[in-house]
Amino acid sequence: MPHAAGSSPGSHTTGRTMDTKAELQKVYRLEAELEQVVQKQKALRKEGRKDNDKEVHAKRCELLRVIGDVIINDPVTSEEKDLANKMWNLCFYKHISHLRSDISKQKSLAKKRQAGGAGELSSPKKALLSGLEKQYSDFLSQSVTYYEWLTKQILKDLAPLTQTQSSDDDSLDDEITGRSI
């Protein structure tokens with residue numbers, strides 16, 4: 001999920017008292033740490049050893065939280081630093097690409113096995129492919145939920161609700177969650 005354990009979209013800083021410069025430094029530090037963890041993960045995979053997706057996930061979630069805070073609390077700096085694009089690439093796109101690649105590899109192995117007359121995939125291989133497809137689907141769903149939440153937070157700041165509109169808050173929620181991203 002795009003949120004760290006114990007974190008939710010609502011755990012972002014809501015006040016405008018954040019130190020944007022310090023938060024940007026966190027973004028750059030976390031970006032470097034994420035890259036190190038990803039490289040370590042790739043090396044483990046090449047050696048045929050089990051990688052630690054939890055460590056990569058934790059770094060992505062922390063980076064997502066910090067970038068989201070800056071986007072919400074300082075949209076001007078966020079735009080200047082292209083943080084929305086950085087968030088997409090580091091927290092979503094690379095993971096989506098990784099999952100798609102793993103699914104494609106498993107499907108390719110299955111086709112080669114069938115073409116070679118070896119028959120269907122074994123139960124563990126079928127379970128692996130099914131698990132990867134579920135991870136992919138779940139991650140996409142969670143990503144859309146996060147982007148819907150982030151959009152809602154930005155819209156709240158851009159067009160604050162008046163007291164007469166506050167009763168229509170549910171209609172804003174329905175409008176945002178009804179959109180396809």
Grab the Cα-Cα distance for residue 76 and residue 104, subtract it from 0.36 nm times how many residues apart they are, and report the gain in nm with one decimal.
-> 6.1 nm
Carbon/sulfur fraction of accessible area - the range 76-145, other protein chains in place, 1.4 Å, % = 53 percent
Between residue 137 and residue 35, take the C-beta separation as r, use R0 = 30 Å, and let me know the FRET efficiency to the nearest 0.05.
-> 0.65
Give the cross-link partners of residue 59 among the lysines, using a straight C-alpha distance below 27 Å as the criterion and excluding same-chain residues fewer than 8 apart.
-> 21, 26, 40, 42, 46, 50, 81, 86, 94, 105, 134, 152
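The values are calculated or read from the model by the stated rules, or taken from the named source; none is laboratory data. All of these numbers come straight from a predicted model, not from anything done at the bench. We place every Cβ from the backbone using ideal geometry, glycine too, and count neighbours over all the protein chains shown. Surface accessibility is based on the protein's heavy atoms, side chains included, excluding ligands, DNA and RNA. Shrake-Rupley method; radii C 1.70, N 1.55, O 1.52, S 1.80 Å.
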